[in-house]
Amino acid sequence: MSTPTEVAPAPVRKRSLYRGDPGMWSWVLHRITGVSIFFFLFVHVLDTAVIRVNENTYTEIIDTYKTPIIGLMEIGLVFCVLYHALNGLRVILVDFWSKGAKYQRQMLWAILTVFAIVFIAAAVRMLQILITHAL
């Protein structure tokens, strides 16, 4: 004699709260820009410390920073600092403003708009300077 077996219901697949949400990508980019800024500051402290060891080596290091590739990296640094600063202000508002969580999405789009305007203007100017010095 066989007994009927119950079939377990199919598991409900839950999506992560942040999967694909703009807030998740904002968080990821905030972390990436923060780490990038940290490494820039680390290298900056090291290359500045070289002046105490050997002035000629310091001069050689500074001369390598005058290349177009480093100029493009400086534009990347402006990207990182500007995004990290603006998004940091948004995070502060979300954390400390009583209505911050309610308006976090609108604030994200506002900082992205301000970021785009300021970054494009800065990048164009920096590219002009980079091209002028390369000629």
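The values are calculated or read from the model by the stated rules, or taken from the named source; none is laboratory data. Since we're looking at a predicted model, the values are computed, not measured. Glycine also receives a Cβ, built like all others from the backbone with ideal geometry; neighbour counts cover every protein chain displayed. The protein model used for the area step is the full one, side chains on, heavy atoms only, and it has no ligands, DNA or RNA in it. Shrake-Rupley method; radii C 1.70, N 1.55, O 1.52, S 1.80 Å.
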The stretch 49-92 - residue that is among the β-branched types (Val, Ile, Thr) and open to solvent by 60 Å² or more (accessible area, probe 1.4 Å) and, of those, farthest from Tyr103 (Cα to Cα): Val53
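For residues that are in a helix (DSSP H, G or I) and more than 30 Å from Val114 (Cβ to Cβ), tally how many sit in the stretch 46-85.
18
Report the residue count in the stretch 93-113 for those that are part of a helix (DSSP H, G or I) and either of a type outside the set (D, E, K, R) or surrounded by 11 or more Cβ atoms within 10 Å (Cβ to Cβ) (or both). Before you say what the answer is, go through the steps one by one.
So the first thing to find is which residues in the stretch 93-113 are part of a helix (DSSP H, G or I), and the list is 93-96, 104-113.
If we keep only those that are either of a type outside the set (D, E, K, R) or surrounded by 11 or more Cβ atoms within 10 Å (Cβ to Cβ) (or both) too, we end up with 93-94, 96, 104-113.
Counting residues in the stretch 93-113 that are part of a helix (DSSP H, G or I) and either of a type outside the set (D, E, K, R) or surrounded by 11 or more Cβ atoms within 10 Å (Cβ to Cβ) (or both) gives 13.
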Any chance the stretch 119-133 includes a residue that's in contact with a Lys or Arg (Cβ under 9 Å, 6 or more places away or on another chain) and assigned to a helix (DSSP H, G or I)? yes
Quick one: would you say Val35 is out of contact with any helix residue (DSSP H, G or I) (no Cβ under 6 Å at 6 or more places or on another chain), open to solvent by 40 Å² or more (accessible area, probe 1.4 Å) and in contact (Cβ under 8 Å) with a residue 24 or more places away in the chain? no
